[in-house]
Amino acid sequence: MQPLRLLLVDDHALFREGLISLLSYQDDFTVVGEAEDAESALAQARALEPDIVLMDIELPREDGVSATARLKLEMPGVTVVMLTVRDDSQTLFEAIKAGAQGYLVKNVRSRELLEQLRGLARGEAAISRRMAGRILEEIRGQTAPFGPEEELTAREMEVLELVAARLSNAEIAERLVVSEHTVKN
């Protein structure tokens, strides 16, 4: 299996260097590029075609959520994971709506970060249990982040709860007696 190709986007060089150092010891990842702002991130993504972009939210000139939306419009097949200090529900939902497939807070331990990134290769979302819990709370109606046209069905809620329990798409499909394709949809 080919290593997952990562692009790191963060305006702090020391943080990027630390991630590069951590990932350099892993056979299943390779850092193909790094960027310090949205424009260079988009240029690097176009040139390098990474599998995964680790995107900070707090970037100079243009925030990471906006950059994610632009990137996903141009390159919908690229997986974007927000890696940020922002631990609030509003930013979480903005990032998801922009197309992010993951949202991790920078206080995550290195072992969990690696585990979350490996989960992406298995079709899992890179999201902490705490953030998944927030998504469930919001969807259950405490503060609806989606409009009425975007309400989830009972079956979709069932799938989301299993995702929050960290089951893979294949495990969810088996448990619900549906195809893995149906689970992904």
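The values are calculated or read from the model by the stated rules, or taken from the named source; none is laboratory data. Here the structure is a predicted model, which is why all the values come from computation and not from measurement. We place every Cβ from the backbone using ideal geometry, glycine too, and count neighbours over all the protein chains shown. Accessible surface areas use protein heavy atoms only, side chains included; no ligands, DNA or RNA. Shrake-Rupley method; radii C 1.70, N 1.55, O 1.52, S 1.80 Å.
Summary of computed values
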{"item": "Rounded FRET efficiency, nearest 0.05, which uses the C-beta distance separating Val108 from Ala13 and R0 of 30 Å", "result": "0.90"}
{"item": "Mean Cα-pair separation over length for the chain, i.e. relative contact order, pairs under 8 Å, 6 or more apart, %", "result": "14"}
{"item": "Accessible surface, 1.4 Å probe, highest first, among residues Asp10, Asp27, Asp63", "result": "Asp27, Asp63, Asp10"}
{"item": "Rounded to 5, percent antiparallel among DSSP beta bridges of the chain", "result": "0"}
{"item": "Two-site FRET efficiency, Val178 against Leu136, from Cβ-Cβ distance with R₀ of 22 Å, rounded to 0.05", "result": "0.60"}
{"item": "Carbon plus sulfur fraction of accessible area for the chain, probe 1.4 Å, in percent", "result": "49"}
{"item": "222 nm mean residue ellipticity, helices alone, for the chain (DSSP H n ≥ 4; -39,500 (n - 2.57); rounded to 500)", "result": "-14500 deg cm²/dmol"}
{"item": "Under 22 Å from the Cα of Lys106 - lysines, other chains or at least 8 residues apart", "result": "Lys97"}
{"item": "Per residue, in Å², the accessible surface of the chain once ligands and nucleic acids are set aside, probe 1.4 Å", "result": "55"}
{"item": "Net lengthening on full extension, Gln2/Glu115 (0.36 nm per residue, minus Cα-Cα)", "result": "39.0 nm"}
